[in-house]
Amino acid sequence: MSGSMLSAIHVILGVSAFILPVRPLDNGLALTPTMGWLHWERFMCNIDCDTDPHNCISEKLYMEMADVMVKDGWKEAGYEYVCIDDCWPSMARDSQGRLQADPKRFPGGIKKLADYMHSKGLKLGIYADVGTNTCAGYPGSLGHYDIDAKTFAEWGVDLLKFDGCYMPKWTLLAEGYINMSRALNNTGRSILYSCEWPLYEWQFQQPNYTAIQQTCNHWRNYADVFDSWNSVTGILDWTADHQSLIVPVAGPGGWNDPDMLVIGNFGLSRDQQQTQMALWVIMAAPLLMSNDLRDIDPTSQDLLQNRHLISISQDPLGKQGNRTAKVNGFEVWQRPLSGGRLALAVINRQEIGGPRSFPLTLALLPSWRCCNLQCNVTQILPQYQEMGVHSLFSKLQVLVNPTGTALLVVSPVKGKPYTRPQAKKWFYYLKKDKSQSILL
Ligand code: GLA
């Protein structure tokens, strides 16, 4: 090849590297946010099977959860992955250096558990750590990435949650997470890769989200969720404070992970459970429940299986929503959906008083163009209600309980859009209207 041709190729390669969009991890997985169940928040590191056989971390727990997932409509609703978290392995690797499950609590081994899940049309997730130990002190994968990835693939595992405790130097986090991503890819098995890389890196520097998105299918940014309103709002506030950095990197194949859904446990009221579900759906978050599906109250079950909410979560456009207004103790969050639709959440952040009314005129939303000239409004939460066709300038009132959320879907109705002078006139009247001043 001539020198000039070579340099022409270099120029083309150089230019295309510059203009090609950054791609998320391309393993064909997590094209919509992952749905499933993960043991940590509810069952933690309970390894005492002698006194608490019903709740301890053992193969029985995952098999029972899988049975219920099939029997009670969870699988049908879209929940697919049954995921093991920390505390599953034996304290020592086997003679060939492989991780092994605790023999007393997992007598059948992980392969048998994966087969069990697959026989029910479900998938199995497992947990490991990029450092020398897991957060609960079990063996970590540092120095064993290839063999661990191979072992998980041989067992038939479908998802790996890779934690970030006990890394001897934080500067090794990036290469650790990237090397495990490669090791998983090299196994030839499709294994969804759930990372905690940014959460651990934030303690030292702002993470490189482009690299993270190219390495992981989802990534934890912030502290572990607890079963409390304080924890849920802490996650929402952190997300809103960092939205300009983290929202643009989310999309099919790679998602921000605000941690598990704790709906159906002990700490959230009915309204707070609705807020967690609505906002996780707006954030295009993985829907990984951590609760006891064998014993869950019907209201929480209905909320988690609400098909309108799940269809927003799984919307094919795959765009994460964000907070667009914070006013008078209310927050407005919006997520663009396919077909020019929009999901809109209004949270009442006030923790005193009764239900409060939020005045809503679609023209005042940042994405008002989605509704020019008319749109159909459907309320999904607190209860399903068709609110009918509204013009850009109709005044809707949404009633929201303290710590609760109203979730609406706004769909465009074809018509002739407003002309500029018409719109200008309407905006002028709106501005003069005191009841609407909240959004101006
Ligand atoms: C960390 C993770 C949690 C959980 C525990 C297990 O705290 O962030 O999600 O996996 O470790 O020890």
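Tabulated results
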{"item": "Counted residues, region 77-89 - those being over 16 Å from the mean Cα position of the chain (by Cα) and away from the ligand (no atom under 16 Å from the Cβ)", "result": "1"}
{"item": "Residue check, residue 214 within 16 Å of the ligand (Cβ to nearest atom), open to solvent by 30 Å² or more (accessible area, probe 1.4 Å) and farther than 24 Å from residue 74 by Cβ", "result": "no"}
{"item": "Helices (runs of 4 or more DSSP H) contained in region 28-106 and holding at least 2 residues aliphatic (A, V, I, L, M)", "result": "59-71"}
{"item": "Exclusive hit being open to solvent by less than 60 Å² (accessible area, probe 1.4 Å), within 16 Å of the ligand (Cβ to nearest atom), in contact (Cβ under 8 Å) with a residue 24 or more places away in the chain and out of contact with any strand residue (DSSP E or B) (no Cβ under 8 Å at 6 or more places or on another chain), set 167, 180", "result": "167"}
{"item": "Region 219-238: number of residues that are assigned to a helix (DSSP H, G or I) and either open to solvent by 50 Å² or more (accessible area, probe 1.4 Å) or away from the ligand (no atom under 16 Å from the Cβ) (or both)", "result": "5"}
{"item": "Candidate set from region 59-80 (those that are of a type in the set (Phe, Trp, Tyr) and over 23 Å from residue 138 (Cα atoms)); member that is surrounded by the most Cβ atoms within 10 Å (Cβ to Cβ)", "result": "74"}
{"item": "Filter result for residue 115 (more than 16 Å from the ligand (Cβ to nearest atom), farther than 30 Å from residue 311 by Cβ and in contact (Cβ under 8 Å) with a residue 24 or more places away in the chain)", "result": "yes"}
{"item": "Residues satisfying the stated conditions in region 121-143, i.e. assigned to a loop (DSSP other than H, G, I, E, B), touching a residue at least 12 places away in the same chain (Cβ under 8 Å) and open to solvent by less than 60 Å² (accessible area, probe 1.4 Å)", "result": "121, 122, 130, 131, 134, 135, 136, 138, 140, 141, 142"}
{"item": "Residue match in region 33-44 (condition: within 16 Å of the ligand (Cβ to nearest atom), over 23 Å from residue 138 (Cβ atoms) and of a type outside the set (Lys, Arg))", "result": "yes"}
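Quick grid of which residues meet (1) of a type in the set (D, E, K, R); (2) surrounded by 12 or more Cβ atoms within 10 Å (Cβ to Cβ); (3) modelled with pLDDT of 95 or more:
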site	(1), (2), (3)
375	no, yes, no
382	no, yes, yes
392	no, yes, no
397	no, no, no
406	no, yes, yes
423	no, yes, no
429	no, no, no
432	yes, no, no
437	no, yes, no
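The values are calculated or read from the model by the stated rules, or taken from the named source; none is laboratory data. Note that the structure is predicted; figures quoted are calculated from it, not measured. As a convention, Cβ positions derive from the backbone with ideal geometry for all residues, glycine included, and neighbour counts pool all protein chains shown. Areas reflect the complete protein model, heavy atoms only, side chains present, ligands, DNA and RNA absent. Shrake-Rupley method; radii C 1.70, N 1.55, O 1.52, S 1.80 Å.
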